[in-house]
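Encoded as structure tokens, the structure appears first; notes follow it.
The values are calculated or read from the model by the stated rules, or taken from the named source; none is laboratory data. This structure is a prediction, so every number in the text was calculated from the model and none was measured. Note that we place each Cβ from the backbone using ideal geometry, even for glycine, and neighbour counts take in every protein chain shown. SASA here: full protein model, heavy atoms, side chains in, ligands and nucleic acids out. Shrake-Rupley method; radii C 1.70, N 1.55, O 1.52, S 1.80 Å.
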Amino acid sequence: MAEHITVPTVAQLVSAGEVPEILFWVGCSGSFDDRAKKITKAIVRILHHAGVKYAVLGAEETCTGDPAKRAGNEFLFQMQAMQNIMVLNGYEIKKIVTGCPHCFNILKNEYPELGGNYEVMHHTQLINDLIKEGKLAIKGGESFKGRRITFHDPCYLGRANDVYEAPREALQALDAELVEMRRCKQKGLCCGAGGAQMFKEAEPGNKEVNVERTEDALEVKPNVIATGCPFCNTMMTDGVKNFEKEDSVEVKDVAELIAEAADLLPS
């Protein structure tokens, strides 16, 4: 039977006279998309297993304003950001971890000028730190031996913030072969969902971007395409389905792979 984990809200901790070490910012996709919810649960199991004192905002978490800003609506972005900053500062939040590179980027880089100053981490950075500190041991579960994993760099984690090594170092803890796509790291290709593109029709062209990016991934003959963004996960999953490879190629977030290897997830 799966272990039941009760996720505390910041309000609950504060009412008990406690403060969280880390605020887990779930994000819209991780809250409402059924596939992304599995990534959220994997992150929660890792935080719980590693003994991290964390909490979520729950109903007090709203959109960061990233889609509005990327779509050019600066006024709406600032309204949403100021509302969030009031909540975060009211709870005296110091450190935030998020599973979404879009939330990561805007909280880290665009909230400070509005008065929101926090240490912001992407979940792959935290997972990598927990492994290095010995708080998260890769001890079994699903065997990755002999499997080929390729990591797709999320644009708002990689090119926007130069975070390339943390997700790769975390994946190297698995007993698998990490293989790189021809276009990776600084030369990585967008999945097609960035810059609020997820919420609009694709631009005219000869090919869907996620299909071309999936071609990049399939060239290296992976068993698993690893992602670090719920939107990338959706785009790459759709790309794999386009090539009818879903029976032989999995698309999973780094958190899901680590949680499986650390035997944190039910089979």
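Are there any pairs with C-beta distances below 9 angstrom linking a residue in region 109-122 that is closer than 15 Å to Met86 by Cα to a residue that is assigned to a strand (DSSP E or B) and not hydrophobic (A, V, I, L, M, F, W, C), with the two at least 6 apart or on different chains, and if so which?
Listed pairs, sorted by first residue: Tyr118/Lys95.
I'd like the residue in region 70-99 that is touching a residue at least 60 places away in the same chain (Cβ under 8 Å) and surrounded by 16 or more Cβ atoms within 10 Å (Cβ to Cβ) and, out of all such residues, is farthest from Val7 (Cα to Cα).
The qualifying residue farthest from Val7 (Cα to Cα) is Arg70.
Kindly establish whether Ile127 is open to solvent by less than 40 Å² (accessible area, probe 1.4 Å), of a type in the set (A, V, I, L, M) and assigned to a helix (DSSP H, G or I).
Yes: the conditions hold for Ile127.
Just checking, which of Gly30, Gly65, Gly58, Gly51 is farther than 30 Å from Thr237 by Cα and either in contact with a helix residue (DSSP H, G or I) (Cβ under 9 Å, 6 or more places away or on another chain) or in contact (Cβ under 8 Å) with a residue 60 or more places away in the chain (or both)?
Checking each option against the conditions leaves just Gly51.
Within region 77-108, track down each residue that is outside any helix (DSSP H, G or I) and charged (D, E, K, R).
Glu92, Lys94, Lys95 - these are the residues of region 77-108 that are outside any helix (DSSP H, G or I) and charged (D, E, K, R).
Can you give me the number of residues within region 170-182 that are open to solvent by 40 Å² or more (accessible area, probe 1.4 Å) and touching a Lys or Arg at 6+ places or on another chain (Cβ under 8 Å)?
Residues meeting the conditions: 3.
Within region 109-124, how many residues are in a helix (DSSP H, G or I) and surrounded by fewer than 21 Cβ atoms within 10 Å (Cβ to Cβ)?
Residues flagged as in a helix (DSSP H, G or I) and surrounded by fewer than 21 Cβ atoms within 10 Å (Cβ to Cβ) within region 109-124 amount to 4.
Quick check on this structure: which one of Gly188, Gly192, Gly228 is small (Gly, Ala, Ser), closer than 18 Å to His122 by Cβ and touching a helix residue (DSSP H, G or I) at 6+ places or on another chain (Cβ under 8 Å)?
Of the residues listed, the single one that is small (Gly, Ala, Ser), closer than 18 Å to His122 by Cβ and touching a helix residue (DSSP H, G or I) at 6+ places or on another chain (Cβ under 8 Å) is Gly228.
Scan region 247-267 for residues that are more than 16 Å from Pro167 (Cα to Cα), of a type in the set (D, E, K, R) and at pLDDT below 95 and jot them down.
Asp263
Let's see how each residue does on (1) of a type outside the set (A, V, I, L, M); (2) part of a loop (DSSP other than H, G, I, E, B):
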residue	(1), (2)
Ala202	no, yes
Asn206	yes, yes
Asn210	yes, no
Pro222	yes, yes
Ala255	no, no
Ile258	no, no
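Do we have Arg159 as outside any helix (DSSP H, G or I) and in contact (Cβ under 8 Å) with a residue 12 or more places away in the chain here?
Against the criterion (outside any helix (DSSP H, G or I) and in contact (Cβ under 8 Å) with a residue 12 or more places away in the chain), Arg159 qualifies.
Every residue in region 24-56 that is part of a helix (DSSP H, G or I), open to solvent by 20 Å² or more (accessible area, probe 1.4 Å) and out of contact with any Gly (no Cβ under 6 Å at 6 or more places or on another chain), please.
Selection gives Cys28, Ser31, Phe32, Asp34, Arg35, Lys37, Lys38, Lys41, Arg45, His48, His49.
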